[in-house]
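Engineer: Got a structure here, written out as structure tokens. Questions coming.
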Amino acid sequence: MDKNYHPSVTILIPAHNEEEVMAAKLENVKQINYPAELIEVIVVDDGSIDKTVSISENFIHENNLKFKVFKAGQR
């Protein structure tokens, strides 16, 4: 077993009306002790009617991260 091998990983964050905690969740993921180039984060918004999506998109843009936001239509 090669202890230096680090596979790429995808972290899914399901969200619905999470504006109060979304920035903290994303910051938490950003602080993971793993090679950043091997981490992909996908926020899956389930029709939020608050600022969850805009908070997520702003965080991604401001931190230049390999994150994506997928928006569902209506719940």
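Engineer: When you go through SER54, SER8 one by one, which is the residue that is surrounded by fewer than 16 Cβ atoms within 10 Å (Cβ to Cβ) and either acidic (Asp, Glu) or touching a helix residue (DSSP H, G or I) at 6+ places or on another chain (Cβ under 6 Å) (or both)?
Structural biologist: Numbers: SER54 fails: either acidic (Asp, Glu) or touching a helix residue (DSSP H, G or I) at 6+ places or on another chain (Cβ under 6 Å) (or both).
Going through SER54, SER8 in turn, just one is surrounded by fewer than 16 Cβ atoms within 10 Å (Cβ to Cβ) and either acidic (Asp, Glu) or touching a helix residue (DSSP H, G or I) at 6+ places or on another chain (Cβ under 6 Å) (or both): SER8.
Engineer: Which one of these does ILE32 not meet: (1) over 18 Å from VAL69 (Cα atoms); (2) open to solvent by 50 Å² or more (accessible area, probe 1.4 Å); (3) modelled with pLDDT under 90?
Structural biologist: Condition (3) is where ILE32 drops out.
Engineer: Got at least one residue in segment 44-57 being β-branched (Val, Ile, Thr), at pLDDT below 90 and within 15 Å of ILE11 (Cβ to Cβ)? First the steps, then the outcome.
Structural biologist: Within segment 44-57, the first condition is being β-branched (Val, Ile, Thr), and the residues that meet it are 44, 49, 52-53, 55.
In the following step, the residues that additionally are at pLDDT below 90 were identified as none.
Within segment 44-57, not a single residue is β-branched (Val, Ile, Thr), at pLDDT below 90 and within 15 Å of ILE11 (Cβ to Cβ).
Engineer: Right, something else. Given the conditions (1) in contact with a His (Cβ under 8 Å, 6 or more places away or on another chain); (2) among the β-branched types (Val, Ile, Thr); (3) free of Cβ contacts under 8 Å to residues at least 24 places away in the same chain, which single one is not true for THR52?
Structural biologist: Every condition holds for THR52 apart from (3).
Engineer: Another question, if that's okay. Among (1) surrounded by fewer than 15 Cβ atoms within 10 Å (Cβ to Cβ); (2) in contact (Cβ under 8 Å) with a residue 40 or more places away in the chain, which single condition is PHE67 missing?
Structural biologist: Just one mismatch for PHE67, condition (1).
The values are calculated or read from the model by the stated rules, or taken from the named source; none is laboratory data. Keep in mind the model is a prediction, meaning the values are calculated, not measured. Every residue, glycine among them, receives a Cβ derived from its backbone with ideal geometry; neighbour counts consider all protein chains shown. Note: areas computed on protein heavy atoms with side chains; ligands, DNA, RNA excluded. Shrake-Rupley method; radii C 1.70, N 1.55, O 1.52, S 1.80 Å.
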